[in-house]
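The values are calculated or read from the model by the stated rules, or taken from the named source; none is laboratory data. Quick caveat: nothing in here was measured; it's all calculated off a predicted structure. Cβ placement follows ideal geometry from the backbone for every residue including glycine, while neighbour counts extend to all protein chains displayed. Surface accessibility is based on the protein's heavy atoms, side chains included, excluding ligands, DNA and RNA. Shrake-Rupley method; radii C 1.70, N 1.55, O 1.52, S 1.80 Å.
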Amino acid sequence: MPELQPNTPSPPYDLIILGASGFTGKYVVKEALKFLNTPSSPLKSLALAGRSPTKLTQTLKWAAHPNPPPPIPIINADTTDPPSLHRLCTQTKLILNCVGPFRLYGESVVAACAETGCDYLDICGEPEFMERMEAKYHDRAVEVGSLVISACGFDSVPAEFGLMFNSRQWVDPALPNRVEAYVSLESEKRIVGNFGTFESAVLSVANADKLQELRRSRPRKPRPAIPGPPPPKGPTIEQQKDIGLWAVKLPSADAIVVRRTLGVLTENPRGLPGSNESAERIEKREAFWSTVKPVHFGVKIGSKSLLGILHIMTVGIFIGLLGRFSFGRWLLLKFPSFFSVGWFRKKGPSEDEVRSASFKMWFVGKGFSDSSLVSQGNRKPDMEIITRVMGPEIGYLTTPIILLQCALILLHQRNNLPKGGVFPPGIVFGPTDLQERLQENGISFDVISKKAISS
């Protein structure tokens, strides 16, 4: 008797990388080739998509070097052409979107995925885009079974998983109250970022009012109950002697993405059920989330010298002041190297500069050695746990590593993940083996110290 064919045939590709010829996209292709058709990998078929077949062909050749490029299909698609995106989504299980800034080019891709049921991951670090996509497409994505997850790169997986790693070190009866993350970018040469990141930061300032307007228009969600007093405001510039850094507050997506995950967790204390989980998997998911405690969370950028902090603040002031009006934005985007004091340039970093760069992200957690202390008035924390996440260059090495590992989990463990919806990465990938996979691919998680502090 012939085997019955399913009603919906499996699409020809496991994943398609959209925007593969861009600065980050080409490194994503290079990372994907490491896992294509290897024995233990679920990635058996891959295609590249974008506006220029010529550039995509050159990207494939570059990514495969010194080997000859594999026979990977190249598909013409444009974020300004919704029918081309709809066709793209019907050909694959998963889209990896590398086309930024996402507030300009991302929505059409999310819309196509939410219409067709295709899954979606991106490397966005733009809070307004992420929250707008959740507001507009979450219900439809749940309905059609499309899982839409932004911030699957350096923004914001190290922050989410670093926080969860720190939180899980607080073993009962100890209880955390707050965790401050300190990002330190390091290089043997010089630190250079790509123009797309700079452009996203400028547009983020320009659209700050839209984010506040969006939040006011949405129903208020329950906030996690965090034991103990709120953290003190602290100085503008902080000297964190335990980790040897000067630091200043970083207005990045990380704290916002973490708060979104903690918000979803407040509504779903056992995590999000998978579309077809086994009893063993349900038990593992619930056990994982029982060890993650809500905390106050903030992010600062650090430097070993006070001069480095002044450099950072200068760039922040330029973007903050000039990003508010159109001529200022034109100046910033026309002369990125000048206004970022050499940190960003249109051609991006050289391959040598990429290879020589790395990051460290320290998580300084403060809390109570015994949860019973919380009830004793406005008592200050008496315990500190410091952990660290460390890895290679953030934009072209760490981000592709994270994105590909998220993709491989999604392809291999789809039944363990939510059927559909628009979510931050932490709430979806937290109970999976993503941390172990990152550690196997050059991103480390370490406990640095545990000690009593004067309360």
Inset, instruction - Inspect all residues belonging to region 368-383 and state whether any of them is of a type outside the set (Val, Ile, Thr), under 30 Å from Ile191 (Cβ atoms) and either within 14 Å of the chain's Cα centre (by Cα) or assigned by the TED database to the domain that holds Trp343 (or both). - result: no
Inset, instruction - Check whether at least one residue in region 175-183 is among the charged types (D, E, K, R), farther than 15 Å from Gly106 by Cα and assigned by the TED database to the domain that holds Gly106, and report yes or no. - result: no
Legend entry - Selected residue (criterion: nearest to the chain's Cα centre (by Cα)) from residues of region 24-81 that are among the aromatic types (Phe, Trp, Tyr) and surrounded by fewer than 20 Cβ atoms within 10 Å (Cβ to Cβ): Phe35
Legend entry - Candidates Leu397, Leu410, Leu373, filtered to the one that is among the aliphatic types (A, V, I, L, M) and in contact with a Leu (Cβ under 8 Å, 6 or more places away or on another chain): Leu410
Legend entry - Per-region count, region 108-129, residues under 22 Å from Ala206 (Cα atoms), touching a residue at least 40 places away in the same chain (Cβ under 8 Å) and open to solvent by 10 Å² or more (accessible area, probe 1.4 Å): 4
Inset, instruction - Only residues that are in contact (Cβ under 8 Å) with a residue 12 or more places away in the chain and either aromatic (Phe, Trp, Tyr) or outside any strand (DSSP E or B) (or both): list them for region 374-388, please. - result: Val374, Asn378, Arg379, Lys380, Pro381, Asp382
Inset, instruction - Show the residue pairs that are 6+ apart or on different chains and have beta-carbon atoms under 8 Å apart, the first residue being within region 397-411 and at positive phi, the second being open to solvent by less than 10 Å² (accessible area, probe 1.4 Å) and not aliphatic (A, V, I, L, M). - result: none
Legend entry - Per-region count, region 10-23, residues surrounded by fewer than 24 Cβ atoms within 10 Å (Cβ to Cβ) and in contact with a Cys (Cβ under 7 Å, 6 or more places away or on another chain): 1
Inset, instruction - Quick one: which residue in Ile409, Ile401 is assigned to a helix (DSSP H, G or I), outside the structural domain of Thr291 (by the TED database), in contact with a Gly (Cβ under 7 Å, 6 or more places away or on another chain) and under 30 Å from Pro273 (Cβ atoms)? - result: Ile401
Inset, instruction - Please tell me if Tyr105 is open to solvent by 40 Å² or more (accessible area, probe 1.4 Å) and in the same structural domain as Val28 (by the TED database). - result: yes
Inset, instruction - Determine whether region 253-273 contains at least one residue that is touching a Lys or Arg at 6+ places or on another chain (Cβ under 6 Å), within 21 Å of Asn416 (Cβ to Cβ), buried (at least 17 other Cβ atoms within 10 Å of the Cβ) and of a type outside the set (S, T, N, Q). - result: yes
Legend entry - Options Gly420, Gly348, Gly377, Gly365; residue that is out of contact with any Gly (no Cβ under 6 Å at 6 or more places or on another chain) and at pLDDT 95 or above: Gly365
Inset, instruction - Starting from residues that are touching an Asp or Glu at 6+ places or on another chain (Cβ under 6 Å) and more than 18 Å from Ile317 (Cα to Cα), keep the ones in region 184-209 and report whichever is least open to solvent (accessible area, probe 1.4 Å). - result: Val192
Inset, instruction - Would you please name the residue that is most open to solvent (accessible area, probe 1.4 Å), looking only at residues in region 146-173 that are under 18 Å from Ala287 (Cβ atoms) and among the hydrophobic types (A, V, I, L, M, F, W, C)? - result: Val171
Legend entry - helices (runs of 4 or more DSSP H) contained in region 314-358 and holding at least 2 residues open to solvent by less than 60 Å² (accessible area, probe 1.4 Å), in contact with a Phe, Trp or Tyr (Cβ under 6 Å, 6 or more places away or on another chain) and closer than 23 Å to Ser303 by Cβ: 336-339
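Matching residues to (1) modelled with pLDDT of 95 or more; (2) of a type in the set (A, V, I, L, M, F, W, C); (3) in the same structural domain as Ala255 (by the TED database):
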residue: Ser303; (1), (2), (3): no, no, yes
residue: Val315; (1), (2), (3): no, yes, yes
residue: Gly320; (1), (2), (3): no, no, yes
residue: Gly323; (1), (2), (3): no, no, yes
residue: Lys334; (1), (2), (3): no, no, yes
residue: Met361; (1), (2), (3): yes, yes, yes
Inset, instruction - Consider Pro235 carefully, then state whether it is without any contact (Cβ under 8 Å) to a residue 60 or more places away in the chain and surrounded by fewer than 21 Cβ atoms within 10 Å (Cβ to Cβ). - result: yes
Legend entry - Any hit, region 152-171, residues being under 18 Å from the mean Cα position of the chain (by Cα), in a strand (DSSP E or B), within 26 Å of Lys360 (Cα to Cα) and modelled with pLDDT of 95 or more: yes
Legend entry - Output for region 402-425, where each listed residue is buried (at least 23 other Cβ atoms within 10 Å of the Cβ), in contact with a Pro (Cβ under 8 Å, 6 or more places away or on another chain) and more than 25 Å from Ala111 (Cβ to Cβ): none
